[in-house]
1. Amide H to amide H, which residues 5 or more places from residue A:310 or on other chains are under 5 Å from it, using H placed in the peptide plane?
2. Among the lysines, which fall within straight-line cross-link reach of residue B:34, defined as a Cα-Cα distance under 17 Å, with same-chain neighbours fewer than 8 residues apart omitted?
3. Which whole-percent values make up P(r) of chain B when all C-alpha to C-alpha distances are grouped in 5 Å steps starting at zero?
4. Over all pairs of distinct alpha carbons, what does the Kirkwood formula give as the hydrodynamic radius of the protein assembly as shown, in Å?
5. Which one, B:81, B:128, B:64, projects farthest toward the positive side of the charge dipole computed for the range B:63-177 from Cβ point charges (K/R +1, D/E -1)?
6. Just want to confirm a number: the relative contact order over the range A:352-435, from Cα pairs under 8 angstrom separated by 6+ residues, in percent.
7. Under the Kirkwood approximation applied to all pairs of distinct alpha-carbon atoms, what is the hydrodynamic radius of the range B:2-82 in Å?
8. May I ask you to evaluate 6.51 cos²θ - 1.76 cosθ + 1.60, the Karplus curve with θ = phi - 60°, for each residue of the range B:153-169 and list the ³J(HN,Hα) values in order in whole Hz, giving x for glycine and proline?
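What follows is calculated from the coordinates using simple rules that are stated; it is not laboratory data. Just so it is clear, the model here is predicted, and its values are computed rather than measured. Ideal geometry is used to build each Cβ from the backbone, glycine not excepted, and the neighbour counts take in all protein chains shown.
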Amino acid sequence: MDLNQLLAIKEKELASRKPYTLRVCTAAGCLSAGSDQVKKQLERAVAEAGLSEQVEVRCVGCLRLCCQGPLVHVDPVNELYQKVGPETAPALLERVRGGAPPLEKGDLQHPFFTRQFSIVLANSGVVDPERIESYIAADGYRALHDAVIEMEPREVIQAVMASGLRGRGGAGFPTGLKWSTVAKSGGARKYVVCNADEGDPGAFMDRSVLESDPHSVLEGMAIAAYAVGAEQGFIYVRAEYPLAIRRLRMAIEQARRLGILGSGIFGSPLNFNVELRIGAGAFVCGEETALMASIEGRRGTPRPRPPFPAESGLWGCPTLINNVETFANVPAILRNGAEWFASIGTEKSKGTKVFALAGRVKNTGLIEVPMGTTLRTIVEEMGGGAPGGARIKAVQTGGPSGGCVPAELMDVEVDYESLTRLGSIMGSGGMIVMDETTDMVDVARFFMEFCKDESCGKCIPCRAGTVQMYGLLTKILEGRATARDLATLEELCDMVKHTSLCGLGQTAPNPVLSTLRFFRHEYERRLRPERHVASAVQPVTG
Amino acid sequence: MIATLGVPKRKRVREALAHASGDKRFKILEAHMKKYQHRHDALIEILHKAQELFGYLEDDLLLFVAHRLRLPPSRVYGVATFYHFFRLKPKGEHTCVVCMGTACYVKGADKILAAIERFAGVRAGETTPDGRVSVLTARCIGACGIAPAVVYDGNVAPHQTPDSAVATIQTWMSHGS
């Protein structure tokens with residue numbers, strides 16, 4: 001494979017385009033609403049109407065507005081149709097003939113769509129995730145080619161550093177710095193690992209990226225491998241995402257067949273292979289040291305750091321671990337330049353962030369916005385507020401490691417630092433909206449139950465502390481607790497936060513702490529008065 | 001596996017291997033191990049395959065894997081019990097997985113689960129005595145945009161209610177009886 005062959009594939013793919021394209025969303029959300037049947041019926045209708053030369057029916061990734069699925073986008077008229085059923089789908093051909101199909105039309109001028117800024121999701125909903133040619137037609141693998149042919153590894157790292165990209169898994173560590181640490185570490189073998197163990201309940205960004213545009217992740221990984229000098233990559237995916245696994249397998253196979261993965265990529269000395277590893281349902285495996293243990297086929301328990309994976313990771317070799325979204329940003333940074341990327345976002349948080357907007361909000365789905373967009377814009381403008389005109393109470397970000405931002409503080413700009421100041425975290429990007437019907441103590445207990453079940457049991461503060469905190473929260477919820485129990489709960493939060501081994505335990509108290517900070521009255525109104533114990537020593541009289 | 005502790009190890013392994021002979025599924029599993037060159041780090045992949053073939057991981061199966069990969073049975077058992085995805089008991093004819101992710105939870109997944117549990121007469125994680133339906137919960141299936149979601153026999157169903165869930169279970173339980 002060389003540049004000419006790559007361009008030839010692109011040309012051929014573009015030349016085969018037809019005047020009309022019906023893009024059918026086949027990401028998990030729409031698929032569960034029956035979009036595969038929609039696609040089949042559309043294909044049949046196109047064939048029956050003899051429109052095969054005019055109309056292409058293309059399977060694409062996420063079209064964002066999951067709550068209205070199955071979604072079909074019609075090009076070039078740029079119209080989105082929602083709730084398309086297998087029976088009603090053939091009516092879409094009316095549009096091709098110039099008529100108006102009797103189907104519900106989505107409002108593409110709604111802020112939900114117009115406020116989005118796509119970098120990571122640029123190909124999502126456009127390319128066919130099951131065909132590498134479709135990705136190449138969208139300038140895919142061009143960045144990898146240019147990197148390995150025209151740039152030194154050190155220049156690639158320089159570009160990533162200058163872009164200001166930070167880890168999208170939640171912690172926000174500067175990606176360029178991580179890459180340069182791995183590049184500097186000695187050792188013949190190095191590894192690149194993609195963390196696709198998206199365990200936070202209420203988060204589906206990584207799943208959508210993998211289902212909609214798996215090649216961008218592979219390209220990002222290959223560029224990283226070139227930059228740090230690795231030859232082997234692993235993608236660790238959750239077993240709960242069967243579609244993402246299938247599409248990744250397909251993508252790896254296609255890239256290997258074209259020689260984009262393998263030995264001597266684009267005629268350079270770079271050899272790079274990617275292997276898929278399927279998780280088995282353990283939240284703690286999202287923690288990098290636990291993830292590596294799991295890749296090695298062991299129980300996914302974390303270990304103390306240092307040594308950091310960048311120095312001693314998989315089988316003791318220097319290992320670069322980045323999140324799905326982080327890798328997906330890399331090709332765009334190299335294609336458009338670091339300055340372009342650095343011009344988007346806020347001073348300390350560059351670029352965009354993908355959020356999974358869900359919960360008590362009208363428009364649920366996938367959004368990508370520049371860093372620094374306010375929570376209010378996201379929830380009220382884009383999300384359309386709570387259904388039925390209910391008042392929004394809080395927004396939960398960061399899953400079980402994050403916290404709840406109350407409605408009054410929704411003017412906060414979303415970036416790593418601002419959310420941390422409010423006691424929440426950016427997290428991987430789950431955003432759950434809660435309205436008046438949501439009980440905050442119940443939410444805190446929900447997350448504590450999660451952490452209690454998912455604690456790996458290696459360190460005592462987390463293993464025993466989460467059980468105790470869960471017990472106390474239940475006691476409060478059932479109205480059996482006193483002020484003393486609340487004090488114990490706060491004390492435990494502090495202890496577990498500061499003494500746990502890994503991120504799971506260290507952040508487990510966050511949902512409790514943040515709800516205590518902003519919704520303390522909900523706890524206090526459940527407390528019952530302290531029982532007065534008769535004093536053992538009676539005052540002596542007379 | 002606890003129940004077998006009293007039996008000498010060598011005898012136990014011999015029994016497990018005898019059990020394995022003649023079953024085609026073990027052949028497929030061995031081919032899979034070969035694909036990974038019996039590498040120890042592929043243990044989780046191999047357990048995935050074993051569960052896919054057999055439905056669940058019984059003691060003999062774990063012993064077989066341990067023997068073939070030259071790993072101590074404790075290591076294999078340890079891994080199999082650590083991860084939620086691996087089942088050590090057989091599951092029902094049908095499975096119903098209620099997603100308990102945050103988005104589903106705030107939209108009433110707990111009520112759906114309670115309705116199913118009441119109707120089927122079993123708790124989450126259990127199978128009905130007639131072996132027809134297993135009721136399970138998931139941490140989050142990532143279908144938050146269509147919450148609350150329930151997975152019936154591998155198919156994700158969007159926007160569920162306690163009534164719609166019970167209706168589906170009902171068709172399973174009454175079917176064929």
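1. A:319
2. B:24, B:49
3. Values per bin, smallest distances first: 1, 8, 16, 16, 14, 12, 12, 10, 8, 3, 0.
4. For the protein assembly as shown, inverting the mean 1/r across all distinct Cα pairs yields 27.0 Å.
5. Final value for the positive-end residue is B:64.
6. 37 percent
7. Details: mean 1/r = 0.0787 Å⁻¹.
Kirkwood radius, the range B:2-82: 12.7 Å.
8. Here the 3J(HN,Hα) series is 6, x, 9, 6, 10, x, 6, 7, 10, x, 5, 5, 5, 4, 4, 5, 4 Hz.
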